[in-house]
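Beneath this line is the structure, given in structure tokens, with notes to follow.
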Amino acid sequence: MIHELLLALSGYPGSVFVWNKRNGLQVSQDLPFLHPSETSVLNRVCKLGTDYIRFSEFIEQYTGHVQQQEHQPSQPGQPGLHGIYLRAFCTGLDSMLQPYRQALLDLEQEFLADPHLSISHINYSLDQFQLLFPSVMVVVEQIKSQKIHGCQILETVHKHSCVGLPPVRTALEKILAVCHGVMYKQLSAWMLHGLLLDQYEEFFVKQGACSGSTPVQPEEEEEDLGIGGLTGKQLRELQDLRLIEEENMLAPSLKQFSLRAELLPSYIPV
């Protein structure tokens, strides 16, 4: 039964530990030899297996979705999660699960060496993940339900990492570091080469001016300055035209950039 439990916690349920979408991983009700207290302990451990299976499904679903999007770019307004920040989040999430996989492997080696170890030993050995997995699952569910996109994922992970539980904070900071790797590459390409590597419109910098950024100047009364019969307004217009011509001569390929305020993380000052 211990081996069936370890397999179920690894994402492979069977007849003893059954899986359903609504309740997750649970002990089968058709086992009369189990005491209710044993069933309670097993179901508590099975919650880790439930979270692990859902983490794995999230990683497989959305990293695969991103890979398909590279060959078939999404149309504007197409629903669903996609983008390189989502892939980076899944990569960080997968690396966070590695200590859990190693703990299951160590438990298997211990039970092969000593078959008399109890279920309580498994519960004690995996207790460190009982706080971690539910906290990270909140982040995953928020990304899925709210369809958080691009650099907004950085903001979401950062907010949830500001907690008083060291294991949760450390795990989310590692995930955030992986996501920051994408942002740093986009920043370096833009700042050093003037390139916006932003296929899915995830970066907080975009090409072109902000809409409505040019203020409407109130009409001023024309005042004759006595310079060749020019008014003050006409003189300013000539100066503006000259400045535009000089900019075109010095930098004919200059592109204007602006910020997407809704994608800028709050911990990056403007």
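The values are calculated or read from the model by the stated rules, or taken from the named source; none is laboratory data. The shown structure was predicted, so the numbers you read here are calculated from the model rather than taken from an experiment. A quick note on method: Cβ atoms are made from the backbone with ideal geometry, for glycine too, and the neighbour counts reach across all protein chains shown. When the accessible area is computed, the model is the full protein with side chains, heavy atoms only, and any ligands, DNA or RNA have been set aside. Shrake-Rupley method; radii C 1.70, N 1.55, O 1.52, S 1.80 Å.
Miscellaneous remarks
- Counted residues, segment 1-39 - those being in a helix (DSSP H, G or I) and modelled with pLDDT of 85 or more: 8
- Yes/no for Glu237 being at negative phi, outside any strand (DSSP E or B), modelled with pLDDT under 65 and open to solvent by 50 Å² or more (accessible area, probe 1.4 Å): no
- Evaluating Asn23 against the criteria (1) crowded, with 18+ Cβ neighbours inside 10 Å; (2) over 26 Å from Gln98 (Cβ atoms) leaves one unmet condition, (1).
- Cβ separations smaller than 7 Å between residues 6+ apart or across chains give the following pairs from segment 4-25 residues that are in contact (Cβ under 8 Å) with a residue 12 or more places away in the chain and of a type in the set (S, T, N, Q) to residues that are outside any helix (DSSP H, G or I) and open to solvent by less than 30 Å² (accessible area, probe 1.4 Å): Ser15/Ser28.
For (1) at pLDDT below 85; (2) surrounded by 13 or more Cβ atoms within 10 Å (Cβ to Cβ); (3) touching a Lys or Arg at 6+ places or on another chain (Cβ under 6 Å); (4) more than 22 Å from Ser266 (Cα to Cα), each residue gets a yes or a no:
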residue	(1), (2), (3), (4)
Met183	no, yes, no, no
Gln186	no, yes, no, no
Trp190	no, yes, no, no
His193	no, no, no, yes
Leu196	no, yes, no, no
Gln199	no, yes, no, yes
Thr214	yes, no, no, yes
Gln217	yes, no, no, yes
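- Cβ-Cβ contacts under 7 Å between residues 6 or more apart (or on different chains), taken from a first residue in segment 105-118 that is touching a residue at least 24 places away in the same chain (Cβ under 8 Å) to a second residue that is of a type in the set (Ser, Thr, Tyr), are listed as Leu107/Ser125.
Residue-wise test of (1) out of contact with any Gly (no Cβ under 9 Å at 6 or more places or on another chain); (2) among the hydrophobic types (A, V, I, L, M, F, W, C); (3) modelled with pLDDT of 90 or more; (4) surrounded by 16 or more Cβ atoms within 10 Å (Cβ to Cβ).
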position	(1), (2), (3), (4)
Val41	yes, yes, no, yes
Val45	yes, yes, yes, yes
Glu60	yes, no, yes, no
Pro76	yes, no, no, no
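- Only residues that are buried (at least 19 other Cβ atoms within 10 Å of the Cβ) and small (Gly, Ala, Ser) were counted in segment 80-134, giving 3.
- Hey, Ser56 open to solvent by 30 Å² or more (accessible area, probe 1.4 Å) and more than 20 Å from Glu141 (Cα to Cα) or not: no
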